[in-house]
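The values are calculated or read from the model by the stated rules, or taken from the named source; none is laboratory data. If you're wondering where the values come from, they're calculated on a predicted model, not measured in any experiment. Here the Cβ positions follow ideal geometry from the backbone for every residue, glycine too, while neighbour counts run over all protein chains shown.
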Amino acid sequence: MTRVALIAHDEKKPDLIEFAQAHETQLGAYDLIATGTTGKRLIEATDLEIERKESGPLGGDLMIGSEVAAGKLDGIVFLRDPLRAQPHEPDISALLRICDVHDTALATNLASATFLIEGLAD
Ligand SMILES: O=C(CO)COP(=O)(O)O
């Protein structure tokens with residue numbers, strides 16, 4: 001089954017929620033995982049079932065990265081906040097890097113997230 005990770009930094013969580021609501025039917029057909037707070041907010045705002053990992057600053061990005069390394073994920077939507085530094089920047093860089101190592105589809109803004117989700121549907 002297609003497995004997708006959803007992640008957003010705090011300033012971008014409203015955008016990700018709106019995106020998930022707009023694509024709820026399609027996302028509902030997938031195995032979904034998310035970092036802790038992102039998952040909590042998405043579950044509150046949609047009817048999607050989502051497996052929650054740790055919060056990003058507590059290792060959630062790395063947990064999702066380990067799934068990428070294990071070849072378990074088909075795509076990641078990761079709406080980063082480009083305007084604020086994050087305390088766990090090394091973990092974020094590690095996740096982006098491992099996606100490139102394994103050629104795993106990664107969207108870091110809404111425009112590319114739309115392409116990713118449309119691509120998964122094909
Ligand atoms: O910090 C994050 C990604 O780097 C996201 O973590 P939360 O979903 O727990 O806010």
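Brief remarks follow.
- Among the residues making up segment 42-80, those that are of a type in the set (A, V, I, L, M, F, W, C) and more than 24 Å from residue 21 (Cα to Cα) are 58, 62, 63, 68, 69, 70.
- Residue within segment 65-74 that is part of a loop (DSSP other than H, G, I, E, B), buried (at least 17 other Cβ atoms within 10 Å of the Cβ), away from the ligand (no atom under 12 Å from the Cβ) and acidic (Asp, Glu) present: yes
- When 95, 83 are checked against the criterion of being surrounded by fewer than 17 Cβ atoms within 10 Å (Cβ to Cβ), of a type in the set (A, V, I, L, M) and farther than 17 Å from residue 17 by Cα, 83 stands alone in meeting it.
- Meets criteria (touching a Lys or Arg at 6+ places or on another chain (Cβ under 7 Å), β-branched (Val, Ile, Thr) and modelled with pLDDT of 95 or more) for residue 17: yes
- Scanning segment 76-92 for residues that are assigned to a helix (DSSP H, G or I) and near the ligand (Cβ under 7 Å from one of its atoms) turns up 91, 92.
- Within segment 7-36, the set of residues being within 7 Å of the ligand (Cβ to nearest atom) and either assigned to a strand (DSSP E or B) or buried (at least 20 other Cβ atoms within 10 Å of the Cβ) (or both) comprises 7, 8, 9, 34, 35.
- Qualifying residue in segment 17-27 (condition: under 13 Å from the mean Cα position of the chain (by Cα), under 22 Å from residue 81 (Cα atoms) and touching a residue at least 40 places away in the same chain (Cβ under 8 Å)): yes
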